[in-house]
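Below is one structure, written out as structure tokens; comments come after it.
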Amino acid sequence: MAAYYRMVNDQGGVNGRKITFLSYDDAYSPPKTVEQTRRLVEQDGVFLMASPLGTPTNSATQHYLNQKKCRSCSSRPAPPNGTIRSTSRGRSAGSRTTKAKGASTPVYILKERLNGKVGVLYQNDDFGKDYLKGVKDGLADKAKAMLAVEASYETTDPTVDSLIVSMKATGCDVFVNTAIPKFAAQAIRKAAELDWKPLHIVSSVGIRSPPC
């Protein structure tokens, strides 16, 4: 994003006005998101929140941004008569909804592993639950028979290793890994340590994981 805005500025800006792009780390923690959002609005005086990432983090700031009448291309919709200009719930600007991503996953599963035993690792919040619902919707009438494990984690958990051990023990031969980078990387590493080789599907969030 910073590179794109530099390009716009180098080409003369927007109607002759240059863009000042500010970015602060919220550590994917809703309280920290509120703190950094207040800093941007009240100290830096921004007029727009551009593509803030994360369903729980956006949920924490939505009411505040509407009160301050600060526009936001966020991953949550605005309440009636609100000022936020956003994309659909559970997504960042330019991407599909989390539920839609989850629903597209079973298309591949049903093609490659019909009647497989599916385990889903998901985050215990709106983001993870939306993805899980999408998977169930995509499996449709096969969901009850195929979906064997629904393993949820909290963002405060140290690891998801025990969930991966349990999923393997259940006999899952399809692993839908919807976790955020830290936990997606842990799951990939633990599966390798266990020599567990299911059909492993990693979400677009998890593919940003650092090397194991």
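Ratio of alpha-carbon Rg to the 2.2 N^0.38 Å globular estimate for the range 100-212, to two decimals, please. Please list the in-between numbers first.
Details: Rg = 12.7 Å, N = 113, 2.2 N^0.38 = 13.3 Å.
It is 0.96.
For the range 2-73, what is the convex hull volume of its Cα atoms per residue in Å³?
Dividing the Cα hull volume of the range 2-73 by its residues yields 89 Å³.
Name the lysines eligible as straight-distance cross-link partners of LYS182: C-alpha to C-alpha under 19 Å, and not fewer than 8 places from it in the same chain.
Reachable lysines: LYS32, LYS129, LYS190.
Once R0 is set to 22 Å, what does the formula 1/(1 + (r/R0)^6) return for the Cβ-Cβ distance between LYS133 and VAL34, expressed as a FRET efficiency to the nearest 0.05?
So, using R0 = 22 Å, E works out to roughly 0.25.
Straight-line reach only, C-alpha to C-alpha below 13 angstrom: list the aspartates and glutamates that LYS69 could link to, leaving out same-chain residues fewer than 8 apart.
Those aspartates and glutamates meeting the cut-off are GLU42.
Bear in mind these aren't lab numbers, they're just calculated from the coordinates by the rules spelled out. Keep in mind the model is a prediction, meaning the values are calculated, not measured. Glycine also receives a Cβ, built like all others from the backbone with ideal geometry; neighbour counts cover every protein chain displayed.
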